[in-house]
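> Got a structure for you, written out below as structure tokens; questions coming shortly.
The values are calculated or read from the model by the stated rules, or taken from the named source; none is laboratory data. Since the model is a prediction, treat every value here as computed from it, not as a measurement. Cβ: placed from backbone, ideal geometry, glycine included. Neighbour counts: every protein chain shown.
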Amino acid sequence: NAGVTQTPKFRVLKTGQSMTLLCAQDMNHEYMYWYRQDPGMGLRLIHYSVGEGTTAKGEVPDGYNVSRLKKQNFLLGLESAAPSQTSVYFCASSDLLAGVGEQFFGPGTRLTVL
Amino acid sequence: AQSVTQLGSHVSVSEGALVLLRCNYSSSVPPYLFWYVQYPNQGLQLLLKYTSAATLVKGINGFEAEFKKSETSFHLTKPSAHMSDAAEYFCAVTKTGNQFYFGTGTSLTVIP
């Protein structure tokens with residue numbers, strides 16, 4: 001049971017480049033989330049998904065897009081990277097079948113935009 | 001909108017001393033509350049959660065938290081700090097499980 005995995009672990013982009021971050025979970029969770037973590041700001045929700053084929057905006061969705069084509073995967077895309085998107089990105093998943101429960105987090109992706 | 005306030009971005013305690021990390025939430029309806037811990041270069045791990053059962057919640061590694069509706073607080077405590085408790089701690093809140101709101105975090109330093 002790998003839990004939540006994220007690919008890649010590190011990435012450096014130039015302004016204007018695009019990339020996709022991949023999150024995968026093997027716990028059959030319905031809910032998946034993308035956060036960014038910045039110093040002094042905690043974690044802020046970018047987008048989330050309540051099931052395969054569904055996505056919704058979180059607190060800070062601008063400049064990001066997501067897709068949930070398969071239940072186990074949640075992709076985060078940056079179409080035109082900006083230095084303000086330099087951050088650590090965390091994916092999480094949760095299962096609400098037994099009531100509101102904990103989120104399981106991946107190890108993070110450290111992204112630098114030059 | 002829901003929000004969480006963590007008082008004190010940095011807390012230092014001596015090894016063996018009481019740990020107290022503060023969290024206040026704003027919500028008209030008692031939400032679900034969580035404490036997470038983050039060790040350097042790792043993701044977040046759940047310490048404990050409040051889901052409207054007992055108001056005193058016990059978690060892993062000797063931590064516990066008490067939900068006080070009258071004070072809208074969910075402070076995290078541990079009677080005796082260990083060196084291994086040095087980490088970043090986050091309080092989080094949700095009403096439905098769709099969206100979680102995290103505090104800005106408290107960095108705990110344990111002094112030998």
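> Which of the strands (runs of 3 or more DSSP E) contained wholly in region A:2-111 include at least 2 residues that are under 22 Å from B:Y101 (Cα atoms)? Please lay out each step first, then the result.
On the way: elements: A:4-7, A:10-13, A:19-25, A:31-38, A:42-49, A:65-67, A:73-78, A:87-94.
Result: A:4-7, A:19-25, A:31-38, A:42-49, A:65-67, A:73-78, A:87-94.
> Out of the residues in region B:19-60 meeting the condition of being in contact with a Pro (Cβ under 9 Å, 6 or more places away or on another chain), in contact (Cβ under 8 Å) with a residue 12 or more places away in the chain and buried (at least 17 other Cβ atoms within 10 Å of the Cβ), tell me which one is nearest to B:M83 (Cα to Cα). If you could, list the steps in order and put the result at the bottom.
Taking region B:19-60 as the starting set, the residues that turn out to be in contact with a Pro (Cβ under 9 Å, 6 or more places away or on another chain) are B:19, B:25, B:41-43, B:50, B:52.
Going one step further and asking which of them are in contact (Cβ under 8 Å) with a residue 12 or more places away in the chain, we end up with B:19, B:25, B:50, B:52.
Checking which are buried (at least 17 other Cβ atoms within 10 Å of the Cβ) leaves us with B:19, B:25, B:50.
Values: B:V19: 12, B:Y25: 29, B:Y50: 26 Å.
Among residues in region B:19-60 that are in contact with a Pro (Cβ under 9 Å, 6 or more places away or on another chain), in contact (Cβ under 8 Å) with a residue 12 or more places away in the chain and buried (at least 17 other Cβ atoms within 10 Å of the Cβ), the one nearest to B:M83 (Cα to Cα) is B:V19.
> Got a number for residues in region B:69-103 being surrounded by fewer than 19 Cβ atoms within 10 Å (Cβ to Cβ), part of a loop (DSSP other than H, G, I, E, B), modelled with pLDDT under 95 and at negative phi?
Here the count works out to 4.
> Residue check: is A:K9 exposed (fewer than 15 other Cβ atoms within 10 Å of the Cβ), more than 14 Å from chain B (Cβ to nearest Cβ), among the charged types (D, E, K, R) and farther than 29 Å from B:P31 by Cα?
Details: exposed (fewer than 15 other Cβ atoms within 10 Å of the Cβ): yes; more than 14 Å from chain B (Cβ to nearest Cβ): no; among the charged types (D, E, K, R): yes; farther than 29 Å from B:P31 by Cα: yes.
It is false that A:K9 is exposed (fewer than 15 other Cβ atoms within 10 Å of the Cβ), more than 14 Å from chain B (Cβ to nearest Cβ), among the charged types (D, E, K, R) and farther than 29 Å from B:P31 by Cα.
Let's see how each residue does on (1) aromatic (F, W, Y); (2) over 21 Å from A:P61 (Cβ atoms):
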site: A:A2; (1), (2): no, yes
site: A:Q6; (1), (2): no, no
site: A:V12; (1), (2): no, yes
site: A:T20; (1), (2): no, no
site: A:A24; (1), (2): no, yes
site: A:Y33; (1), (2): yes, no
site: A:R36; (1), (2): no, no
site: A:R44; (1), (2): no, no
site: A:Y48; (1), (2): yes, no
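> Another one. So is B:Y36 part of a strand (DSSP E or B), within 14 Å of another protein chain (Cβ to nearest Cβ) and touching a Ser or Thr at 6+ places or on another chain (Cβ under 8 Å) or not?
Working: part of a strand (DSSP E or B): yes; within 14 Å of another protein chain (Cβ to nearest Cβ): yes; touching a Ser or Thr at 6+ places or on another chain (Cβ under 8 Å): no.
Considered against the rule, which asks whether it is part of a strand (DSSP E or B), within 14 Å of another protein chain (Cβ to nearest Cβ) and touching a Ser or Thr at 6+ places or on another chain (Cβ under 8 Å), B:Y36 comes out as no.
> Here's a check for you: in region A:58-95, which residue that is of a type in the set (D, E, K, R) and more than 10 Å from chain B (Cβ to nearest Cβ) is farthest from B:G43 (Cα to Cα)?
A:E79
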